[in-house]
């Protein structure tokens, strides 16, 4: 019983350390020695959020090596979820998050991650996969320009229509404004998701 109580105290201590270290910068975490496992796990999760798979993998390797035996399973599960995110593997991400006992990403979030995986493959992907990503990106840009041209043509109809060049120019402006709005909304949602993920890593 005493040993079990000691294990629970150590686990709570590790979670408390992760909660405290969340506010530190990357440079401060790199120099952390007392709670090295927690610091390396946070660095790994942050690298995954930047979609830097190799760096995330290395940080989690160090975290697991420095962790107590009873903490390693949880860190491995954190690593699986983070690496699935970094490497744009939505199905694996969903399964890994559920293993952590957390709410799985929504279908829309998984779709966006899958789309990102097609457009911007993880480092180390084959030349064919990278070429396919470039072709998909060009197709999306072309589709957006066509949609923008159509919207611009409709907007100019009440004014007697406009030249093809004018419609194209207005279409480009419509696309740019739309992308800027989507980017702003996406960044806010990503920031909120990161905050939620950090709170989940910190635990209760």
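The values are calculated or read from the model by the stated rules, or taken from the named source; none is laboratory data. Quantities reported herein were computed from a predicted structural model and do not represent experimental measurements. Using ideal geometry, Cβ is built from the backbone for each residue, glycine included, and neighbour counts are taken over all protein chains shown.
Observations
- Residue within the stretch 174-184 that is assigned to a helix (DSSP H, G or I) and either modelled with pLDDT under 70 or in contact with a strand residue (DSSP E or B) (Cβ under 6 Å, 6 or more places away or on another chain) (or both) present: yes
- Restricting 75, 165, 137 to those that are surrounded by fewer than 18 Cβ atoms within 10 Å (Cβ to Cβ) and touching a helix residue (DSSP H, G or I) at 6+ places or on another chain (Cβ under 8 Å) reduces the list to 137.
- Flag for residue 54 being in a loop (DSSP other than H, G, I, E, B) and not assigned by TED's automatic domain parsing to the domain that holds residue 170: no
- Among the numbered conditions (1) in contact (Cβ under 8 Å) with a residue 60 or more places away in the chain; (2) crowded, with 19+ Cβ neighbours inside 10 Å; (3) more than 29 Å from residue 126 (Cβ to Cβ), the only one that residue 40 does not meet is (1).
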